[in-house]
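These notes concern the structure reproduced below.
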Amino acid sequence: MLTFISFKNVLGYPSVDELLIRAVMLLANSSVHALDAKLLFIDDDDAEYELDPAELEDARKEGALAHPVTGALIGDYERKVFPFFVPSDRLIGARAHA
Amino acid sequence: MTFQSIEQLLALVQDKPALEIGLSVATSNDYAEWARNINRAVDHALRQMAQNPELRQAKGEDELTIELVSLLNMMDIEAGHDTKVGGHVDIRIKGKRDYHWLAEAKKHKQDYAWLMQGFQQLNTRYTTGLAGQDKGGFIVYSDHARIDRTMSKWRDHLEEQKIEGMSFSNCELNDLSFQSTHPHDRTGRPLEVRHIALSIYFDPKDRI
């Protein structure tokens with residue numbers, strides 16, 4: 001699992017900044033498409049759930065995220081949802097053929 | 001802490017709309033979301049271009065399009081001008097999973113048949129009508145007053161052509177834009193085209 005923080009650490013950056021975000025964007029977008037973006041929700045009990053992007057979109061419309069298990073509405077969900085990245089099928093396929 | 005939350009990320013990009021849109025494009029999870037964010041990027045770039053119409057009203061179609069493509073490139077969007085796709089399309093944007101968003105751009109000469117020709121180039125020459133490539137744009141640059149009326153007349157003109165199965169809707173991103181949808185000639189899949197306006201009209205009335 002790759003996160004903005006792990007990229008920062010690997011590159012030795014003091015913080016996540018615009019340049020680092022743009023570099024990760026290039027890996028996740030364009031015809032490079034080496035990474036796929038995912039979302040992780042961590043609740044107050046530190047339980048982790050991968051979120052469907054549609055759930056985040058619904059949360060933005062409704063102003064609250066429905067907990068994936070309990071259904072309880074979480075208003076400050078943006079503090080508890082974390083983007084992360086995984087190697088894309090395209091990258092995995094390219095490595096398999098290398 | 002090994003994670004950066006959405007809240008922290010949004011705080012980093014909050015005063016940088018181009019970065020926020022670029023991030024949204026990069027993290028789009030399907031073609032519909034990607035195309036919607038491409039439309040946001042195009043609108044952002046066109047808003048920049050609308051700010052100095054006096055410098056742009058004499059520019060030709062290609063110059064304006066090249067400027068638009070450059071602005072999109074600065075947002076880390078993979079846009080190209082005059083790319084060969086069944087002909088030389090004005091704007092081609094590529095994304096992951098072979099996503100495409102193609103656009104034709106015309107400088108309006110108060111000639112709706114001229115616009116129609118451009119629309120049909122996009123419709124029947126450049127677009128494949130395949131999944132992940134069936135959304136695009138038709139950009140109208142106008143150096144005449146009241147681009148709202150131009151777009152309204154263009155929509156009426158397009159409707160009068162009675163293209164089989166064509167329907168229209170308003171654009172949720174921009175009230176000067178509208179959207180047409182019709183079955184693509186090649187594939188029968190719905191081709192969604194957003195018709196987008198840029199006014200470069202400039203006629204200040206403060207001079208004595």
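Every number in this text was worked out from the coordinates using simple rules, so none of it is lab data. Keep in mind the model is a prediction, meaning the values are calculated, not measured. Note that each Cβ is placed from the backbone with ideal geometry, even for glycine, and that neighbours are counted across all protein chains shown.
If we count other beta carbons within 10 Å of each Cβ, what is the order of B:77, B:21, fewest first?
Ordered by Cβ neighbours within 10 Å, fewest first: B:21, B:77.
Pop the C-beta distance of residue B:203 and residue A:72 into the FRET formula with R0 = 51 Å and round what comes out to the nearest 0.05. Please list the in-between numbers first.
Numbers: r = 58 Å, r/R0 = 1.14.
For residue B:203 and residue A:72, the calculated efficiency is 0.30.
May I ask for the angle, rounded to the nearest 10°, between helix A:18-28 and the longest principal axis of chain A, with both axes built from Cα atoms and the value confined to 0 to 90°?
80 degrees
Please report, in whole Å, how far the alpha carbons of the range B:54-151 spread along each principal axis, starting with the longest.
Principal extents (Cα only, largest first): 41, 30, 22 Å.
Over 16 Å apart: what share of the alpha carbon pairs of the range B:1-43 falls there, rounded to a whole percent? Kindly include the intermediate steps, with their values, before the conclusion.
Numbers: 365 of 903 pairs.
Across the range B:1-43, Cα pairs with separations above 16 Å total 40 percent.
Counting other C-beta atoms within 10 Å, which of B:108, B:81 has the fewest, and how do the rest follow?
Values: B:108 23, B:81 19.
In order of increasing Cβ crowding within 10 Å: B:81, B:108.
Given q = 0.13, 0.24 Å⁻¹, what are the Debye log10 I(q)/I(0) values for the range B:85-126, with equal point scatterers placed on the Cα positions and solvent ignored?
Results for the range B:85-126 at q = 0.13, 0.24 Å⁻¹ read -0.31, -0.81.
Binning every alpha carbon pair distance of the range A:57-98 at 5 Å from zero, what are the percents per bin?
Per 5 Å bin, starting at zero, the Cα-Cα P(r) for the range A:57-98 comes out as 6, 18, 18, 13, 8, 9, 11, 10, 6, 1 percent.
Each residue of the range B:50-66 in turn: what ³J(HN,Hα) in whole Hz from Karplus with 6.51, -1.76, 1.60 and θ = phi - 60°, glycine and Pro shown as x?
So the Karplus estimates, Gly and Pro as x, are 6, 6, 10, x, 4, 8, 10, 5, 8, 6, x, 3, 5, 4, 5, 5, 4 Hz.
Is there a pair in A:8/B:59; B:16/B:107; B:16/B:109; A:61/B:59; B:59/B:205; B:84/B:109 whose C-alpha atoms are over 32 Å apart, and which pairs would that be?
On the way: A:8/B:59 43 Å; B:16/B:107 30 Å; B:16/B:109 35 Å; A:61/B:59 41 Å; B:59/B:205 22 Å; B:84/B:109 26 Å.
Going by Cα-Cα distance, A:8/B:59; B:16/B:109; A:61/B:59 fall outside the 32 Å limit.
Run the Debye formula on the Cα coordinates of chain A, all scatterers equal and no solvent, and tell me log10 I(q)/I(0) at q = 0.11 1/Å.
-0.42
Can you give the local net charge around residue B:114? Use residues other than it whose beta-carbon is closer than 10 angstrom to its beta-carbon, Lys and Arg +1, Asp and Glu -1. Don't skip to the end; give the middle numbers.
On the way: positive: B:106, B:107, B:109; negative: B:111.
Charge balance near residue B:114 sits at +2.
Given the DSSP H assignment, sum -39500 (n - 2.57) over each helix run of at least 4 residues in the protein assembly as shown and divide by its residue total; what's the result at 222 nm in deg cm²/dmol, nearest 500? It would help to have the intermediate numbers written out before the result.
On the way: 11 runs with 117 residues, N = 306.
Calculated mean residue ellipticity at 222 nm is -11500 deg cm²/dmol.
In square nanometres and to one decimal, what's the mean projected area of the convex hull around the Cα atoms of the range B:101-208? Let's see the in-between values first.
Working: hull surface 28.8 nm².
The orientation-averaged projected area of the Cα hull of the range B:101-208 comes to 7.2 nm².
Can you give the Kirkwood hydrodynamic radius of chain B from its Cα pairs, in Å with one decimal? Walk me through the numbers on the way to the answer.
Details: mean 1/r = 0.0561 Å⁻¹.
Value: 17.8 Å, from the Cα pair sum.
Net charge around residue A:25, counting only other residues with Cβ within less than 12 Å of its Cβ (Lys, Arg = +1; Asp, Glu = -1)?
Details: positive: A:22, B:96; negative: A:18, B:20, B:76, B:78.
Within the 12 Å Cβ shell, the charges total -2.
Within a 10 angstrom radius of the beta carbon, how do B:207, A:90, B:92 rank from fewest other beta carbons to most? Mind dumping the intermediate values first?
On the way: B:207 4, A:90 17, B:92 21.
Lowest to highest Cβ neighbour count: B:207, A:90, B:92.
Can you give the Kirkwood hydrodynamic radius for the protein assembly as shown, in Å, rounded to one decimal and based on Cα pairs? Kindly include the intermediate steps, with their values, before the conclusion.
Numbers: mean 1/r = 0.0473 Å⁻¹.
Over the protein assembly as shown, the inverse of the mean reciprocal pair distance is 21.1 Å.
For residue B:84, what charge total do you get from the other residues with a beta carbon under 14 Å from its beta carbon, if Lys and Arg give +1 and Asp and Glu give -1?
On the way: positive: B:92, B:94, B:125; negative: B:82, B:90.
That sum, taken over residues with Cβ under 14 Å, equals +1.
Mean-square fluctuation check for chain B, GNM, Cα pairs under 10 Å: which of B:164, B:67, B:54 is largest?
Judging by the Gaussian network model, the answer is B:164.
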